[in-house]
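Here's the structure, in structure tokens; my notes come after.
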Amino acid sequence: MSNPMNTWHRLRAGNEKFFVPVRGGQREPALQAPIAAVFRCADAAVGSEMILGQSWGSLVDVSTWGHVIDDGVLATMECAVDTLEVPLIVVLGHADCRAMRAAMRAWDDAVIPEGATRIAVQQALSSIVRRGASADSVDGVTAAHIVETGVALMERSPIISQRIDAGKCGIICVTTDPVSGQLRTHAAIGPVGEVPDTLLECV
């Protein structure tokens with residue numbers, strides 16, 4: 001079983017390997033400004049850059065367990081769209097999400113878990129109710145929740161909603177197929193030019 005010291009040594013060794021080319025004088029060219037902001041679940045095993053085929057630094061990557069929205073998330077997204085002027089927010093869901101499974105158990109058993117994880121579960125349960133979704137599959141709950149998450153980002157942030165109204169930003173809510181890895185669109189908010197497969201389209 002790993003301990004804090006061993007884990008830190010592993011991370012620091014990885015950092016040493018990562019920056020060897022820099023010490024050798026072969027510096028990479030400066031990264032361009034990010035092209036999009038991604039809000040994903042911290043439970044996801046694969047990073048946003050890999051899923052979306054982008055280079056490191058090209059995305060503003062934000063993750064919380066179960067897509068919990070707090071002031072820190074809103075501040076980061078507002079900075080991305082207003083200061084960095086990214087034109088797109090991607091709410092990225094994934095298959096077999098443990099946070100959504102916890103929400104399904106809470107729905108079935110009428111018991112909310114203890115600790116800070118209850119916030120994620122409560123937000124997911126709220127998404128089920130607001131979308132009128134069924135709580136009988138983790139994929140269905142995930143789809144409903146990422147749509148509500150996208151809507152909530154717009155509703156809770158005047159800066160984001162103003163950018164969307166001005167046609168300068170859009171929000172797209174997608175999940176990844178567990179087999180092919182391809183994206184499935186569940187909601188498009190603003191001038192994204194994508195037709196959702198299910199649930200909702202906001203214009």
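Check V73 against each of (1) at pLDDT 95 or above; (2) touching a helix residue (DSSP H, G or I) at 6+ places or on another chain (Cβ under 7 Å) and name the one condition it does not meet.
Here V73 meets the rest and fails (2).
Could you say which residue among V151, V141 is among the hydrophobic types (A, V, I, L, M, F, W, C) and buried (at least 24 other Cβ atoms within 10 Å of the Cβ)?
On the way: V151 fails: buried (at least 24 other Cβ atoms within 10 Å of the Cβ).
Residue meeting the stated conditions: V141.
Inside the stretch 49-67, can you point out the residues that are in contact with a strand residue (DSSP E or B) (Cβ under 9 Å, 6 or more places away or on another chain) and either within 25 Å of Q122 (Cα to Cα) or without any contact (Cβ under 8 Å) to a residue 24 or more places away in the chain (or both)?
Step one: filter the stretch 49-67 for residues in contact with a strand residue (DSSP E or B) (Cβ under 9 Å, 6 or more places away or on another chain), giving 49, 51-52, 54, 58-67.
Passing the criteria: E49, Q54, D61, V62, S63, T64, W65, G66, H67.
Being surrounded by fewer than 16 Cβ atoms within 10 Å (Cβ to Cβ), under 20 Å from the mean Cα position of the chain (by Cα), part of a helix (DSSP H, G or I) and not polar (S, T, N, Q) is the filter here, so list the residues in the stretch 114-138 that pass it.
Passing the criteria: R118, R130.
Any chance you could count how many residues in the stretch 93-113 are surrounded by fewer than 23 Cβ atoms within 10 Å (Cβ to Cβ) and not in a helix (DSSP H, G or I)?
Selection size over the stretch 93-113: 7.
Just to be sure I understand the filter: pairs with C-beta atoms under 8 Å, separated by 6 or more residues or on different chains, first member in the stretch 103-123 and more than 19 Å from S134 (Cβ to Cβ), second member modelled with pLDDT under 85 and part of a loop (DSSP other than H, G, I, E, B). Which pairs pass?
Qualifying pairs under 8 Å: none.
Yes or no: the stretch 170-180 includes at least one residue that is on the phi > 0 side of the Ramachandran plot and part of a loop (DSSP other than H, G, I, E, B). Spell out how you get there, then give the answer.
Here is the first cut: in the stretch 170-180, the ones on the phi > 0 side of the Ramachandran plot are none.
No, that holds for no residue.
The values are calculated or read from the model by the stated rules, or taken from the named source; none is laboratory data. For clarity, every value in this text was computed on a predicted model and none was experimentally measured. No Cβ is skipped: glycine too gets one built from the backbone with ideal geometry, and neighbour counts run over all protein chains shown.
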